[in-house]
Amino acid sequence: MAQDRREAEGLHEGRAGVTDAEPSRPRLRADARRSVDTLLTAAAEVFAESGVDAPVRQITARAGVGAGTLYRHFPQRSDLIAAVFRHEVDACADAAPALAADHAPVEALRRWLLRFTHFIATKRGLSAALHSGDPAYDSLPSYFQLRLVPALESLLAAAADSGAIRTDTDPNDLLRAVANLTLPAQDDDGHTGRMLGLLLDGLRYGAGK
């Protein structure tokens, strides 16, 4: 019982002495990196289902690791939340070149924007924490821009070069538009996909002129 309380409360403690600069992360062994990735994926799923205050044991049980492993990498809850955000941003950004290699430009763009809607669903699960004013999250908006805008720019450029879409699309405007169209998974009966299709039709308008 006492251990459960320590696990549930341990990640709620403050971050005294932590600056809002991007934290330096030591290089991890491959097995440790896999363990962290598994933890972050599990945490993202639990946060989406139960909120960022979900008990630690829910996360560790889903990841199949002990609480000590979680605390070793993420001593405070805000460390974990910020890491989940970055992990999801990285996964979305890294999908862009993979999709570009496997699909025609417009299809790669469509699939990436759909992938971005899944990221938005995860981000909304973190929204209460991200807007709490905790300095631990101050660097996250710039991280979002640094990773996702270039990823989308590359896909837009390839699709425009192919003549399939117009050439004047601002990636920031498009990210904002897709985010505004995205509904939570539990409320989405295909709405997001339909709206994404209409948005892509708009990008095709005037292509090649």
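Some notes on this structure:
- Condition met for L70 (modelled with pLDDT of 85 or more, more than 23 Å from A151 (Cα to Cα) and either open to solvent by less than 30 Å² (accessible area, probe 1.4 Å) or within 19 Å of the chain's Cα centre (by Cα) (or both)): yes
- Within the range 109-209, helices (runs of 4 or more DSSP H) holding 1 or more residues that are among the acidic types (D, E) and either at negative phi or open to solvent by 40 Å² or more (accessible area, probe 1.4 Å) (or both): 140-161, 171-181, 191-204
- Among the residues of the range 45-59, those that are under 11 Å from L80 (Cβ atoms) and either surrounded by 21 or more Cβ atoms within 10 Å (Cβ to Cβ) or charged (D, E, K, R) (or both) comprise V46, F47, V52, V56, I59.
The values are calculated or read from the model by the stated rules, or taken from the named source; none is laboratory data. As the structure is a prediction and not an experimental result, all values here were calculated from the model. So basically every Cβ, Gly included, is an ideal-geometry build from the backbone, and we count neighbours across all protein chains shown. Please note that ligands, DNA and RNA were not included when accessible areas were found on the heavy atoms of the full protein model with its side chains. Shrake-Rupley method; radii C 1.70, N 1.55, O 1.52, S 1.80 Å.
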